[in-house]
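Here the structure comes first, spelled out in structure tokens, and everything after it is commentary.
The values are calculated or read from the model by the stated rules, or taken from the named source; none is laboratory data. As the structure is a prediction and not an experimental result, all values here were calculated from the model. Glycine gets a Cβ as well: all are built from the backbone with ideal geometry, and neighbour counts include every protein chain shown. Calculation scope for accessible area: heavy atoms of the full protein, side chains included, ligands and nucleic acids excluded. Shrake-Rupley method; radii C 1.70, N 1.55, O 1.52, S 1.80 Å.
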Amino acid sequence: MLQCIFLLSDSGEIMLEKQLTGHRVDRSICAWFWEQSVSQGDSFKPVIASPTHYLFQVVREGITFLACTQVEMPPLMGIEFLCRVADVLTDYLGELNEDLVKDNFVIVYELLDEMIDNGFPLTTEPNILREIIAPPNLVSKVLSVVTGNSSNVSDTIPGAIASHVPWRTTDPKYAKNEVNVDLVEEMDAILNRDGHLVKCEIYGEIQVNSHLSGLPDLTLSFTNPSILDDVRFHPCVRFRPWESHQILSFVPPDGQFKLMSYRVRKLKNTPVYVKPQFTSDAGTCRVSVLVGIRHDPGKPIDSIDVQFQLPSCVLSADLTSNYGTVNILSNKMCSWTIGKMPKDKTPSMSGTLTLETGLQQLHIFPTFQVRFKIMGVVLSALQVDKLDVKNLPNHPYKGFRALTRAGKFEVRS
């Protein structure tokens, strides 16, 4: 049973406090938690035991979601609930940052009132929450100013709460039935200074946008499900068909939702390479960076961007490229925007760095952060076999799309 939830900014400031039970948790627990977090440095612990409480933490976009309890409870329940809170806020607010939370703190409180009851998770499905609490928009803000009513909570209880499929709106009807399945993957990779892969894996999601009438029953199968690790399902997925045959059987929520997430480990190739080279002498460092295709995915590689932080010992930089644009920001962050990979040339960036007085050679070398996007392909090679839809009078439209983008893609120099 959770007793309190705090939302902390990246500086430790309390942005939101929600007491969940009769026993009030003192705010001093946040100061203790922040001191522990600072002392731990880069080591992250999702569960921390204080002298008086157990603390669960989840960090999203610089915001720390902190939950407290004095009783023993399954740690994963507390962590999963905080992840659900973060996901719902992102869904409601469009994105998640400190300013949006402060500007919409009334809606955040209302959501927490519906999502947890006396310390126990209650309604966490976004589709049902949207029927109870209207998402923020310009019209609702104007009405609240004119009428003086700041509440977004509906007076009518959604019928799906009493249904055996509480994640689905009661008896939706559509003139055109359709379901779209998107495979979205992020590649995390680390390459050393020699260009060899230290780590390469895929984090993927299967996102579904369902507009189907009645109570449809869907079955989604893959040709190669054995490559998937660390699978995580939406509550609508029946676990037994997956456990026995690796088939996703489910009654979908109405609208867009994340059906499943997964990992694919130990990949051997990346679609692009970045080759940096630094040579320095007499207080000047010459820089040369090449970007090219290592493994052709069969689709155009787009939105390529290479960023790196100039070392503090660099006084000035003069960098140019034969393709794209190079910008050096005030915080010494260098951004090289390439865009779509050209077919007739290899993009390169070169120039000189001027080192501070008394320093002959560069001793601290930057790490390059690489971004890219590839439409129409997933690099894990996961393939959808078929999607069957039952309990519908006619055949619905079924659409499939794929997208791969860079996650934490680092190249060390």
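Side notes on the structure shown:
- Modelled label reach - Arg193, point 7 Å along Cα→Cβ, the range 257-291 residues with backbone N closer than 13 Å: 276-280
- The portion of the accessible surface of the range 1-46 made up by carbon and sulfur, rounded to a whole percent, is 49 (1.4 Å probe; DNA, RNA and ligands excluded).
- Alpha carbon Rg of the range 307-378, scaled by the compact-globule rule 2.2 N^0.38 Å: 1.31
- With a Förster radius of 22 Å applied to the beta-carbon distance between Glu72 and Arg232, the computed FRET efficiency rounds to 0.35.
- Nitroxide proxy distance, nm - points 7 Å out along Cα→Cβ at Arg27 and Thr219: 5.7
- Accessible surface of the range 255-389, 1.4 Å probe, proportion on carbon and sulfur as whole %: 46
- Listed residues Gly62, Gly358, Gly339, most fluctuating in the chain (Gaussian network, C-alpha, under 10 Å): Gly358
- Here the extension length gained between Ser312 and Thr284 equals 8.7 nm, from 0.36 nm per residue of separation less the Cα-Cα distance.
- Per residue accessible area of the chain, 1.4 Å probe, in Å²: 52
- Charged side chains reduced to their Cβ positions (Lys and Arg at +1, Asp and Glu at -1) give the range 7-118 a dipole of some 420 debye around its Cα centre.
- The range 66-83 and the range 229-275 have Cα centres separated by 24 Å.
- Magnitude of the charge dipole for the chain, about its Cα centre and with charges confined to Cβ atoms of Lys, Arg (+1) and Asp, Glu (-1), is about 1360 debye.
- Angle between the chain longest axis and helix 28-40 axis [Cα atoms, degrees, rounded to 10]: 30
- Helix-only CD estimate at 222 nm, as mean residue ellipticity for the chain, using -39500 (n - 2.57) per DSSP H run (n ≥ 4): -5500 deg cm²/dmol
- For the chain, with +1 on Lys and Arg beta carbons and -1 on Asp and Glu, the positive-most of Thr352, Gly298, Val88 along the dipole: Gly298
- For semi-axes √(5λ) of the Cα gyration tensor in Å, calculated from these coordinates, the label among (i) 31, 30, 20; (ii) 42, 31, 21; (iii) 48, 25, 20: (ii)
- Stretch gain in nm, segment Gln256-Gln361, where the contour uses 0.36 nm per residue and the Cα spacing is subtracted: 32.4 nm
- Value of relative contact order over the range 315-358, rounded to a whole percent, pairs C-alpha under 8 Å and six or more apart: 52
- Stretchable slack from Met15 to Asn180, in nm (0.36 nm times residue separation minus alpha-carbon distance): 55.6 nm
- For the chain, with +1 on Lys and Arg beta carbons and -1 on Asp and Glu, the positive-most of Ser413, Ile63, Asn180 along the dipole: Ser413
- Taking a straight line from the alpha carbon of Lys386, these lysines sit under 27 Å away, with near neighbours fewer than eight places off in the same chain left out: Lys173, Lys176, Lys258, Lys266, Lys299, Lys373, Lys398.
- Distance in nm between pseudo-label sites at Lys390 and Arg265 (7 Å out along the Cβ direction from Cα): 3.5
- The heavy atoms of His164 offer some 140 square angstrom of accessible surface to a 1.4 angstrom probe.
- Note on Gln383 and Gln36: their simple-model spin labels are 4.9 nm apart, each label 7 Å out from Cα toward Cβ.
- Among Thr337, Ser316, Thr270 - extreme Cα towards positive end, dipole of the range 256-346, charges at beta-carbon: Thr270
- Placing +1 on the Cβ of every Lys and Arg and -1 on the Cβ of every Asp and Glu, with no other charges, gives the range 215-273 a dipole of roughly 320 debye about its Cα centre.
- Candidates per trypsin sites (Lys or Arg not before Pro) in the range 13-115, loop by DSSP, up to 16 other Cβ within 10 Å: Arg24, Arg27
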